[in-house]
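For reference, the structure is listed below as structure tokens.
The values are calculated or read from the model by the stated rules, or taken from the named source; none is laboratory data. Keep in mind that what you see is a predicted model, and the values were worked out from it rather than measured. Reconstructed Cβ throughout: ideal geometry from the backbone, glycine too, with neighbour counts over all protein chains shown.
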């Protein structure tokens, strides 16, 4: 697009990584430009260099990462020639930034209004009372209910979506020429994400701010982008109008990324009617809180009479937003958390009524795959030991258990010699494979996967989903698949249960649920899935 | 906030009751008859019996415990066996040395550690940082009584700036009294300051890497204001934990330092009472030391809530 004069013009930018990094450049010969009022989405998987590009634009690259060559111009101003006071003038005034993590991006010990007012203070604008008045107005502009109350609140008293609105209020306080949004909705629920995306887009229209929007999610791209730039390992592989890149991608990498985005149209269903029921959950109930002297008033019904069953070889999806109780249900089914009431049967065994001692030998029948591939493996144990530990505690001979671990590693697509290595030597996707092998080592009947692919890049996500499907077919596993991602649910689940406030509001075969949702909340969730207009 | 204070006060009282009970019971089950120990092996049975009665040892344990506690609540700590005077008078005299000594040491330690730790973290691997590393290494490694001896050699014997030991009393005037306390306070403070500096440095480094610090910088806040308004208030939270743990060391450490500097403080009183098996004094002093630690912990908890709004609303 040949616009008259771009707000941001990046030319031949190269950013060098520290000597010990896995590659010499974070970014190589990158050229980008954004016109006034335009939204450019920079898309890429983790490690593509997209966040480094954003940090270079505000001069806040981490220690050891440096711009090697090229230029970044903001409205003609050569940013890379600025000294520290010069940068301080540009940041906040000319470039506003919204970061990914709403939970950690605000100062926990400073009131919300003070943090917004600080933007004016840093640029020596307005008097203290005017700053506070503007802070209130800004909170109103980002559609936060009850601005007076929120202004006096501390960040921990707000939800993730509310905090992200505060971040946006702060970033737009001085009506900057450029807004950088680095994965601003990645940590949010879909309905909140939809609202925040709309807010950013409306404010852009109103103020004419150019937006540099960084994301890994093609759904979000389809929702918000005017133009798209695709990064792979620090190289720009494709750039163009959103419509074109999404529908007629030129570069093989873009094609691969788009193909990996799970479709909302479910694949044909497998016949399961004649399979026996493996997991039966009846009226499961769990109440949190209510204990302690002062906290009697704060109770959360995390699971309220939840009932479902899963047949051999079937995958039941448990979808819902954060706080809906879906993880609690998963943990209760495993009896990692003791339910307050209800029945759990695994293959006819009354799992929920077993006393702790007789429960232990039966624990192997139901196993879990966790969300975080980085935190869920003990960093000081070899992968072989991690996988073999379960069978050994169940009385298996250690040598045999280790041999089995090697077999399982091959089964999940890792070399057998991976058994002697430590978790940090593997990538996120590989670690998730280890997590799956660890669960399978117990020869379970039921697998509970709690957001098992949520932390992974789309291409890796697609591979892990394929692996889970293959293993299920081979081993006849019943799977409880907990996810917030409806696209993933559409692809892997035979049936889906939608949870809201501890209750299952709707449960149906996947194709039916997506085509004809009965419950209002299900419809709301489906409508919030980003990019449904431009992508399937 | 009020709820927090009340709930902490309740636990403070409960803890004090349990501690007093524990002290009483431990002294109760210690082998040996206090009266026999005091009078020696050659004592006659009727003198022993008389002393037991004088000490109230012939009454049941529960009665003695209640009498002890009721006495304390009325300000009566009993009468010392060796000094033949009320323990409350003894303790009050000694407190006038130990309390200022400990407070002075706390003041010196924090006044040294906080700025040094923050400065070291602000310019990581810089000259200040390296200096701080050496200081904290040395401070942790060298015991405070030895520092005390070195100080006496250097500042008192050689330079003659400070008295080598002893305490003139507060009646002698503020300055001479302070002069007598300064060297011991520094000796007491240095090892703790070394630890606190390290903790401050690492807490500050951690906060500097936090997302909200990046947010502040992205708003255009300059480095020093970011440090002042965002980094330090957050870094103080973990530092307070360590400081709270250290406060009891300041009182405990006073025992050693008071002996080195020959100061008539609570620590020395405890040491002497132990040697002379003055059970009345020992019991009271142990309770006073524990009481100080418990009250200090209470104050630290409240300080926490003042620093961190998240704790205020959780309580």
Checklist entry - Among the residues of the stretch B:266-273, is there at least one that is more than 30 Å from residue A:102 (Cβ to Cβ) and modelled with pLDDT of 90 or more? => result no
Item to check | Only one of A:31, A:51, A:46 that is touching a residue at least 60 places away in the same chain (Cβ under 8 Å) and out of contact with any strand residue (DSSP E or B) (no Cβ under 9 Å at 6 or more places or on another chain) | outcome: A:46
Next on the checklist: Step by step: first the residues of the stretch A:508-530, then only those that are crowded, with 17+ Cβ neighbours inside 10 Å and in a loop (DSSP other than H, G, I, E, B), then the one that is farthest from the chain's Cα centre (by Cα). Which residue is that?
Outcome noted: A:517
Checklist entry - Yes or no: residue A:247 closer than 30 Å to residue A:496 by Cα and not assigned by TED's automatic domain parsing to the domain that holds residue A:190? => result no
Checklist entry - Pairs under 9 Å by beta carbon, first residue closer than 11 Å to residue A:431 by Cβ and outside the structural domain of residue A:457 (by TED's automatic domain parsing) in the stretch A:373-384, partner surrounded by 14 or more Cβ atoms within 10 Å (Cβ to Cβ) and modelled with pLDDT of 90 or more, six or more apart or different chains? => result none
Checklist entry - With respect to the numbered conditions (1) over 25 Å from residue B:155 (Cα atoms); (2) in contact (Cβ under 8 Å) with a residue 24 or more places away in the chain, which one is the sole condition not fulfilled by residue B:211? => result (2)
Next on the checklist: Any residue at all in the stretch A:205-216 that's in a helix (DSSP H, G or I), away from chain B (no Cβ under 13 Å) and free of Cβ contacts under 8 Å to residues at least 60 places away in the same chain?
Outcome noted: yes
Item to check | Residue under evaluation residue A:223, criteria (1) part of a strand (DSSP E or B); (2) modelled with pLDDT of 90 or more, criterion not met | outcome: (1)
Checklist entry - Of everything in the stretch A:158-191 that's in the same structural domain as residue A:41 (by TED's automatic domain parsing) and part of a helix (DSSP H, G or I), which residue is surrounded by the most Cβ atoms within 10 Å (Cβ to Cβ)? => result A:190
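For every residue, the table says whether it meets (1) over 28 Å from residue B:143 (Cβ atoms); (2) buried (at least 22 other Cβ atoms within 10 Å of the Cβ); (3) in contact with a strand residue (DSSP E or B) (Cβ under 6 Å, 6 or more places away or on another chain).
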| site | (1), (2), (3) |
| --- | --- |
| B:177 | no, no, no |
| B:192 | no, yes, no |
| B:200 | no, yes, no |
| B:210 | yes, no, no |
| B:218 | yes, yes, yes |
| B:225 | yes, no, no |
| B:228 | yes, no, no |
| B:238 | no, no, no |
Item to check | All helices (runs of 4 or more DSSP H) inside the stretch A:376-456 with 2 or more residues being under 15 Å from residue A:467 (Cα atoms) | outcome: A:398-411, A:428-440
Item to check | Conditions (1) at pLDDT below 80; (2) more than 14 Å from chain A (Cβ to nearest Cβ): number failed by residue B:49 | outcome: (1)
Item to check | Single unsatisfied condition, residue B:118 versus (1) exposed (fewer than 14 other Cβ atoms within 10 Å of the Cβ); (2) in contact (Cβ under 8 Å) with a residue 12 or more places away in the chain; (3) assigned to a helix (DSSP H, G or I) | outcome: (1)
Checklist entry - Under the condition of being closer than 18 Å to residue B:275 by Cα and surrounded by 14 or more Cβ atoms within 10 Å (Cβ to Cβ), which residue from the stretch B:38-86 is farthest from the chain's Cα centre (by Cα)? => result B:39
Checklist entry - Here are some residues: A:64, A:76, A:16. Which one is on the phi > 0 side of the Ramachandran plot and free of Cβ contacts under 8 Å to residues at least 60 places away in the same chain? => result A:64
Checklist entry - Within the stretch A:147-157, is there a residue that is under 16 Å from residue B:211 (Cα atoms), assigned to a helix (DSSP H, G or I) and outside the structural domain of residue A:321 (by TED's automatic domain parsing)? => result yes
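Return a yes/no flag: does the stretch A:241-253 have any residue that is under 22 Å from residue A:197 (Cα atoms), touching a residue at least 12 places away in the same chain (Cβ under 8 Å) and crowded, with 21+ Cβ neighbours inside 10 Å. Break it down stepwise before answering.
The initial filter retains those residues of the stretch A:241-253 that are under 22 Å from residue A:197 (Cα atoms), namely A:241-247.
Restricting the remaining residues to those that are touching a residue at least 12 places away in the same chain (Cβ under 8 Å) gives A:241-243, A:245-247.
Filter once more, so that each one left must be crowded, with 21+ Cβ neighbours inside 10 Å: A:245.
Yes, the stretch A:241-253 contains a residue that is under 22 Å from residue A:197 (Cα atoms), touching a residue at least 12 places away in the same chain (Cβ under 8 Å) and crowded, with 21+ Cβ neighbours inside 10 Å.
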Checklist entry - Of these, A:111, A:165, A:152, A:124, which one is free of Cβ contacts under 8 Å to residues at least 60 places away in the same chain, out of contact with any strand residue (DSSP E or B) (no Cβ under 8 Å at 6 or more places or on another chain) and under 15 Å from residue A:93 (Cα atoms)? => result A:124
